[in-house]
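Visitor: Take a look at this one; I'll ask things after.
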Amino acid sequence: MCLRSCLSNSVSGALVVFIKLGVINSLNAARHVWLTLGLIIPGLLMPLGVSAQTTAEIGQDRQQLEKTVAELESRGDTWHPMISESMISLARLMQADNNHPEALALLKRAVHISRVNHGLFSLQQAPAIKMQVASHLALNEWQEADSLEQYHLYIHSRSLGIDNPELIPALLSYAEWHLDAFAERRGDLPATRLIDAYRLYSAVLSLVDAQDEPEKYPREHYLHRLAYLSWLMHRTAVQSRPETLYAKTRKVDDDWIEKITDGDYRHHNNSFLQGEYALNQVISMRARRVEESTPGSSIQREMRKLHAEAVLDMADWNLLFDRRQGAEVIYKQAWEMLADEDDALKTEVFDRMVLIPSFENFMQPESMSELASSGTPTMANAFSSSRPLRSEERRVWPWVKMRFDLTRNGRTTNVEVLEASTEINEYVRRNMVMTLRGSVLRPVLKEGTPDIARGLVYRFPYDPERIAGNRTETETAGESVESIDNVTSGIESASNEAR
């Protein structure tokens, strides 16, 4: 298998000849760490337990570790495994002291000793590799970190094999690395990172599908992530251009992925079909749960609600791709699914404003009735940073209250700002209006049919830095696809995502 980019100098020269896989890097070797909330935190990027140490304590620990290494080396045992462990501990201290060049030197030696003791592709070296990534990022050496992330997945694939579910955490972590690279516009042709992330998630799903008990994995989250990536690929049109689809800058080898997936989830590199397939899988999963639940029970009631919401997601998906007739048919199906349920459940499902696609992790707008029982908004939403949301970390956001009309096709008109939690200038006010006008919302349903709604009033949390840094659609008109590669979705971004 062939790696499409050269590994950094931190990978020993002898390995460069062999490391050519194209799909490489990810989470640590932690086994069976499945993310039910769907978001991966790269392991060992930050050393644990050292931040609270004083400078004097760090110095004492360093002296003790250096003494241990010196004693082992004095006996002629320069490849003792304990030397590698001591080097890693020393590197943690150096990172805590912001001495990343020295930390990298220690980590390189630790990796080399680990290979000597455990083998060229052993997972024992994984923690040190992840720590190298952290130091390179701290030194703004992104290319070196990128190569090591790639290599990290490679050793997992060589050690575990391509049909081993224990490879899943590594695949997930590397997929999220690519999504971050896209959001930060890293590397050449950042949009190609979306293709790589999609391929990696498709490999994850294929491994999950092959298990005897796939329900033990957060498969639904993986499917939503796949649909989200499909939407981003549609927004950047990256799959429609051969120069990006088959670019040499791609980091994931499609042939390697095909061996895992057997072609599943690819769907002719068509973003609509890719997302539609993923969302249909979610609908099927939720329909099965309805069938398996006790008729008339509270559990079945909840399962029916979730099933209808999955169908609404599919209707939204059609609307996002301007398949309006198809969207109307599916909205009607969702409505009819709950026709025999009580009004309270119908209100919970249908009587709310939804920024779409709804399966991303952000706070939705709040109605005035909801505000009566809620406090200050937390978590990002449509008007937050352009980075994909990857954690449940909560944060207090300022907000604006806006009034607008909504068309049958989910487009806002007559938008005006009524109130703000903090003082905002005219530039921010204008960007808030443009952001909402550029977003797509689920239309208001009247007996299951999209209808025009006027005078809607909702409160929207926002990220001040993101809003202040946006340009209007007019200012970005005519730019190339590469110039909008940092757009993460029609919802999370502001003016760059406006249609």
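Taken together, the values in this text are just the output of simple stated rules run on the coordinates, not laboratory data. Not measured: the values here are computed from a predicted model. Cβ sites come from the backbone with ideal geometry, for glycine too, and all protein chains shown count toward neighbours.
Visitor: For the range 189-205, just list the computed ³J(HN,Hα) in residue order, Karplus coefficients 6.51, -1.76 and 1.60, θ = phi - 60°, integers in Hz, with x standing in for Gly and Pro.
Guide: Calculated HN-Hα couplings, in order: 6, x, 5, 5, 5, 5, 4, 4, 5, 4, 4, 5, 5, 5, 5, 4, 5 Hz.
Visitor: Sorting check: for 420-430, 156-166, 177-187, which peptide has the highest mean count of neighbouring beta carbons within 10 Å, and how do the rest follow?
Guide: The packing order, highest mean first, is 177-187, 156-166, 420-430.
Visitor: Something else: Output ³J(HN,Hα) for the range 315-328: one whole-Hz value per residue in order, computed from phi by the Karplus curve 6.51 cos²θ - 1.76 cosθ + 1.60 with θ = phi - 60°, and x for Gly and Pro.
Guide: 4, 4, 4, 4, 5, 4, 9, 6, 8, 5, 5, x, 4, 4
Visitor: Once label points are set 7 Å from the Cα along Cα→Cβ at both V116 and N99, what is their separation, rounded to one decimal in nm?
Guide: In this crude spin-label approximation the distance works out to 2.3 nm.
Visitor: Using 18 Å as the cut-off for backbone N distance, which residues of the range 252-281 belong to the label zone defined by a point 7 Å from the Cα of E215 along Cα→Cβ?
Guide: The answer is 281, whose backbone nitrogens lie closer than 18 Å to the label point.
Visitor: Related question: Subtracting the Cα-Cα distance from 0.36 nm times the residue separation, let me have the gained length for W142 to T449 in nm, one decimal.
Guide: Fully extending the segment from W142 to T449 adds 105.6 nm.
Visitor: Once both labels are modelled 7 Å past Cα along the beta-carbon direction, what's the D343-V457 spacing in nm?
Guide: Reported label-point gap for D343 and V457 is 2.3 nm.
Visitor: Computed FRET efficiency, Cβ-Cβ of T413 and E336, R0 22 Å: what is it to the nearest 0.05?
Guide: It comes to 0.15.
Visitor: Okay, moving on. Applying the Karplus parametrisation 6.51 cos²θ - 1.76 cosθ + 1.60 with θ = phi - 60° to the phi angles of the range 244-258, what ³J(HN,Hα) value in whole Hz is obtained for each residue in order, glycine and proline being reported as x?
Guide: For the range 244-258, the Karplus-derived couplings read 9, 4, 10, 5, 5, 6, 4, 9, 10, 7, 4, 5, 5, 5, 4 Hz, x marking Gly and Pro.
Visitor: Quick one: which of K305/K446; K216/K259; K216/K248; K108/K259; K216/K251 span more than 28 angstrom between C-alpha atoms?
Guide: Flagged as over cut-off: K216/K248; K108/K259; K216/K251.
Visitor: A follow-up question, please. Please report how far the C-alpha centroid of the range 201-268 lies from that of the range 123-161, rounded to the nearest whole angstrom.
Guide: 22 Å
Visitor: At D180 and R324, where each label point lies 7 Å from the Cα along Cα→Cβ, what is the point-to-point distance in nanometres?
Guide: So the two model labels end up 4.2 nm from each other.
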